[in-house]
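Presented below is the structure to which this report refers.
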Amino acid sequence: MNVGIIGGGQLGWMMVLEGRKLGYGFNSIDSDFSKPGVRISDHGFTYPQYRDFVDSSDVVTYEFEHVDDRVLDYADSMGKLRPGMLPIRLKRDRSLEKEFLRDASLPVAPFTVVNSPEELRKASKEFDRSIAKSAMGGYDGKGQYPVSPGSIPEEMPEGKYVLEEFVDFSQEASVIASRDIHGKMAFHTASLNVNMKGMLVYNVAPFPDTGMKDVAMKLLEKLDYTGVMGIEFFIREGKPIINEFSPRVHNSGHHTLLGSTISQFEQHIRAIAGLPVPEPELLSASGIVNIIGRQISEELKNRILEIPGTQIYWYGKDNAKKRRKVGHVNVVASSAGEVKDRIDALIDIMYGGNILDFLEYS
Ligand code: AMP
């Protein structure tokens, strides 16, 4: 079987690393052939070759939402796209995603969709504190502006925004959920996620399921979903509120590469290929630290790998500018507390107490 992956980033790279175990071939399509997912694939295609890409793949998936429509539409018309078009349409416009979740009676923060600065000013008075999130193209906290009642952030470009209540959460957490071609679902153990400046810095599993799986189950069912989905939550007063979902493998599921019986990447490939997708078990307390905005030297590798229970995934990107994820370190230990201690040591080794400098917008 040949699996086609739309988008050539690190998520595709890890799908190939994990999916090769099953004996599959991999095609990848992207405009930039230097990306890790393209380099590791058996065949790389450019977007004008989208028909060849789809025709030579038995099943097609995506590792990023903002990709060329031609390839999505053609793969969909050939009945090969998994998950399908609906989740990607919702993800391309945050207002559609939020409205879909609200209409499905799933827990989301109160929000209003606004199309002009005047609408935003008016709507902002409904909240004590809110965040304006650009409807199009935002991820990793990009295109987000804190808003106080009756004001408009100065630096904010005009456009469509979702104005959302600021959630005073106690924690952020996520669940990696999967659904096979017959509709059977499975869930990786939830993780606690720590974001700074809108980016995931590290996460630790296990984290207690505070109702997240139930919400995830309803969402996958509603979308008639096939594959793996990452769902991020705010936990407020012990209850989950969906922040957003990603119709693909997710950064907060990378810990499953080392700590689970099945990684999220293998799980996704199994699900879209029609193989069994059993409930994955957490073998060990585990987590990751992202490597953001810095190159890695042999000396640094040595220092990281001296910490027991670690593995490095280096994506091989040449440009390590600020806010760019260039790799991650997997960490396992005998308890979540010990994983956190190891993560603290790794953050110190990689960022020397100045992590926020590596997360600055340039
Ligand atoms: P996003 O790109 O929407 O996932 O947002 C990135 C991060 O910004 C989240 O993980 C939170 O840490 C923070 N954030 C986003 N939306 C809200 C909100 N409504 N209330 C509080 N924090 C938020």
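The values are calculated or read from the model by the stated rules, or taken from the named source; none is laboratory data. Quick caveat: nothing in here was measured; it's all calculated off a predicted structure. Using ideal geometry, Cβ is built from the backbone for each residue, glycine included, and neighbour counts are taken over all protein chains shown. Surface areas here come from the heavy atoms of the whole protein model, side chains and all, with no ligands, DNA or RNA. Shrake-Rupley method; radii C 1.70, N 1.55, O 1.52, S 1.80 Å.
With bins 5 Å wide beginning at 0, the percent of Cα pairs of the range 268-310 falling in each bin runs 5, 14, 16, 15, 12, 13, 14, 10, 1. For the range 1-53, the orientation-averaged shadow of the C-alpha convex hull comes to 3.1 nm² (one quarter of the hull surface). Note on the range 171-358: Cα-Cα pairs beyond 24 Å make up 38% of the total pair count. Each of Thr61, Thr261 has its accessible area taken with a 1.4 Å probe; listed largest first, they run Thr261, Thr61. Across the range 173-224, Cα-Cα pairs farther apart than 14 Å form 55% of the total.
Rounded to the nearest Hz, the phi-derived 3J(HN,Hα) couplings of the range 54-59 under the Karplus curve 6.51 cos²θ - 1.76 cosθ + 1.60 (θ = phi - 60°) are 5, 4, 9, 10, 7, 9, where x marks glycine and proline. Less than 11 Å from a label point 7 Å out along the Cα-to-Cβ axis of Leu356: which backbone N atoms in the range 158-202 qualify, by residue? Within reach of a label on Leu356: 197.
For Ile291, the residues whose modelled amide H falls within less than 5 Å of its own, excluding neighbours fewer than 5 places apart on the same chain, are Val326, Gly327, His328, Val329. In a shell of Cβ-Cβ distance under 13 Å around Val38, excluding Val38 itself, what net charge do Lys and Arg (+1) and Asp and Glu (-1) give? Local net charge: -1.
In the range 170-244, the portion of solvent-accessible area held by carbon and sulfur atoms comes to 51 percent [1.4 Å probe, whole percent, DNA, RNA and ligands not counted]. Among Met217, Met199, Met136, the sequence by solvent-accessible area, most first, with a 1.4 Å probe is Met136, Met217, Met199. As a ratio to 2.2 N^0.38 Å, the alpha-carbon radius of gyration computed for the range 1-131 takes the value 1.33. In this structure, the residue pairs whose Cα-Cα separation is over 26 Å, taken from Lys218/Lys325; Lys21/Lys218; Lys301/Lys325, are Lys218/Lys325; Lys21/Lys218. Cα centroids of the range 106-150 and the range 249-302: 33 Å apart.
The average projected area of the chain, computed from the convex hull of its Cα atoms over all directions, is 17.4 nm².
DSSP beta bridges fully contained in the chain are about 80 percent antiparallel.
From the largest down, the range 125-194 spans 48, 27, 21 angstrom on the principal axes of its Cα atoms. The range 303-322 and the range 162-187 have Cα centres lying 27 Å from one another. For the pairs Lys35/Lys98; Lys80/Lys184; Lys98/Lys125; Lys142/Lys340, note any where the Cα-Cα span goes beyond 23 Å. Check vs 23 Å cut-off fails for Lys35/Lys98; Lys142/Lys340.
In this label model, His182 and Ser170 are separated by 4.0 nm, measuring between points 7 Å along each Cα→Cβ vector. The residues of the range 1-118 have, on average, 40 Å² of accessible surface per residue, using a 1.4 Å probe with all protein chains present. Note on exposure: Ser57, Ser34, Ser77 ranked by accessible area (1.4 Å probe, complete protein assembly) read Ser77, Ser34, Ser57, with the most exposed listed first.
In this rough spin-label picture, where each label sits 7 Å from Cα along the Cβ direction, the Arg324-Asp103 distance is 3.9 nm.
What the Kirkwood sum gives for the range 277-362 is a hydrodynamic radius of 13.7 Å, with every pair of different alpha carbons counted. Bin by bin, in steps of 5 Å, what percent of the Cα pairs in the range 105-149 do you find, going until the bin that has the longest distance? With a bin width of 5 Å, the distribution comes to 5, 20, 29, 25, 17, 4. The charge dipole of the chain, taken about its Cα centre with unit charges on the Cβ of Lys, Arg, Asp and Glu (plus for the first two, minus for the last two), comes to roughly 200 debye. Pairs of Cα atoms nearer than 8 Å and 6+ residues apart set the relative contact order; for the range 205-273 it is 29 percent.
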